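Asker: Starting off with a structure, shown below.
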Amino acid sequence: MKICMVGAGYVGLVTGTCLADMGHNVICVDIIKEKIDNLNKGIIPIYEPGLEPLVKKNKEAKRLSFTTDLKAAVNKSDVVFIAVGTPPKESGEADLSYVENVARQVAETIEKYTVIVEKSTVPVETGEKVKQTIKLYNKKNIPFDVVSNPEFLREGSAVEDFMNPDRVVIGADSKKAINIMKEIYEPLNALMIVTDIKSAEIIKHASNSFLATKISFINAIANVCEKSGADIEKVAIGMGTDRRIGRNFLNAGIGYGGSCFPKDASAFIKISEKFGYDFELMKAVEKINKDQRKLFLKKIEKVLWIVKDKKIGILGLAFKPNTDDMREAPSIDIINGLQKEGAKIRAYDPEATETAKKILKDVEYCKDPYEVAKDAEALVILTEWKQFKEMDLDKIKKLLKNPIIIDGRNMFDPDDMVKKGFKYISIGRK
Ligand code: NAD
């Protein structure tokens, strides 16, 4: 199949590369020339495990190429995936201007029957709007179909997730388009769920909103545990082993971040509002998530009392491990909050430092956890990188001014930490 992937970001680049690896011919398009030039030189713009060798392999096999020329790429393709960003507007609604822009250009370009696939996460009814737009600008009345094919990959394990999905959702109202989509995904041998376009769009928003709900739910329980003297880790195991509940996404901490959950939850609230439904549950989920960061700041201030002029060491900046993505990372609010009170921040992240430098100012970036710990009044863990679990805690203790660790990700056992001589503060535990 000849495929054009518009948008070579976290989703587009991974999806395009994996589709090429499945045997399709893929042209990835992006408007950022530097990104495309780098990809053509073999430089991968993001950190994503396993992606670099896969790009190299498929480029060499001539199944994968990169360009800024959308029209030429669309003309050579049977299927065009739209994988551009759908960031939140100030109001919380999804900004669909990038999707509209691509739909318009595709409409003006197509010369033969083409399937146009919404890969980006979009609110319900976007498919209809995309169809209208294409009809409007497709002056030659070339036949086309629109398909919703939401993506469920997770940054940090994106290649693995794409290649082994729990399901592939195909929302379409044409048999021809459904068959083409099935043919594309056939090599994955995955469960395919075929629905109408609107249901597919809602499946994505509902899935992310549900996962965000699970996180906020366990964080709310963590707060009750903390107040009552119970232990959230034990509660999560006790709850999660019930197969109806499941253990995943029951990790208490400083809440969710990233480019998906916050934006998709608020977009879902907004689109529901448009239909006249007040999605109070999701509003509470958002509030709990925001409060969790504030509560964590209070925890730090409770231990250190005055943070002004104190050196505070931060471990982890990315919104989660195994990515360099800083979008909506809890670290941003927490570091900003500490800086506002006059704290001096030094930080380390295995992959996100370069991204962080563009967002967080007046931070001393360090080369490893030990440099962060040196003479710091306390060490604060914000991302659960495996590397932190494996660090030499005795060495850390010697380097710190005070043996204090405030752990926003519950990485260590509190009893072990006390035995090691730390004052250890975590989430939802004594
Ligand atoms: P991203 O910002 O990393 O990538 C988007 C890319 O699109 C950018 O490189 C941008 O330059 C490019 N672009 C914008 N307008 C363009 C145009 N007119 N022509 C060509 N390229 C254009 O975003 P992302 O994280 O890959 O997310 C893309 C979509 O996928 C979003 O809707 C997101 O919600 C969804 N999604 C993301 C994830 C994730 O983990 N990041 C997972 C599932 C779904």
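Every number here is computed from the coordinates shown, using simple stated rules; none is lab data. This one's a predicted model, so the numbers in the text were calculated from it and none came from an experiment. A quick note on method: Cβ atoms are made from the backbone with ideal geometry, for glycine too, and the neighbour counts reach across all protein chains shown.
Asker: Check the straight Cα-Cα distances from Lys374 and name the lysines below 16 Å, setting aside those fewer than 8 residues away within the same chain.
Answerer: Lys310, Lys311, Lys344, Lys395, Lys397, Lys398, Lys401
Asker: Taking the Cα centre of the chain as the origin, how large is its charge dipole in debye, to the nearest 20, when only Lys and Arg (+1) and Asp and Glu (-1) carry charge on their Cβ atoms?
Answerer: The dipole magnitude comes to about 440 debye.
Asker: Still on this structure, I have one more. Calculate how many DSSP beta bridges within region 2-195 are antiparallel, expressed in % of all such bridges and rounded to the nearest 5.
Answerer: Here the share of antiparallel DSSP bridges comes out near 5 percent.
Asker: Label points 7 Å out from Cα along the Cβ direction at Ile32 and Glu371: separation in nm?
Answerer: Placing both labels 7 Å beyond Cα along the Cβ direction yields 2.5 nm.
Asker: Next question. Roughly how far apart, in whole Å, are the Cα centres of region 28-49 and region 239-287?
Answerer: The distance from the Cα centre of region 28-49 to that of region 239-287 comes to 32 Å.
Asker: Among DSSP beta bridges whose residues both lie in the chain, state the antiparallel percentage, nearest 5.
Answerer: Once the DSSP bridges in the chain are tallied, antiparallel ones form about 5 percent.
Asker: Identify the GluC sites (Glu not before Pro) of region 354-430 meeting these criteria: DSSP loop state and at most 13 other C-beta atoms within 10 Å of the C-beta.
Answerer: Those that pass, being in a loop and sparsely packed, are Glu390.
Asker: Helix 126-137 versus the longest principal axis of the chain: what angle, 0 to 90°, nearest 10, using Cα atoms?
Answerer: 40 degrees
Asker: Let me ask another. Give, in nm to one decimal, the length gained when the segment between Lys340 and Asn189 is fully stretched (0.36 nm per residue of separation minus the Cα-Cα distance).
Answerer: 49.2 nm
Asker: Which chymotrypsin sites (Phe, Trp or Tyr not before Pro) from region 230-321 combine a DSSP loop assignment with at most 13 other Cβ atoms within 10 Å?
Answerer: Hits after loop and neighbour filter: Phe275, Tyr277, Trp305.
Asker: Under the rule of at least 5 residues apart or a separate chain, name every residue whose amide H is placed under 5 Å from the amide H of Ala347.
Answerer: Close amide H contacts, sequence-distant or interchain: Ile314, Glu364, Tyr365, Cys366.
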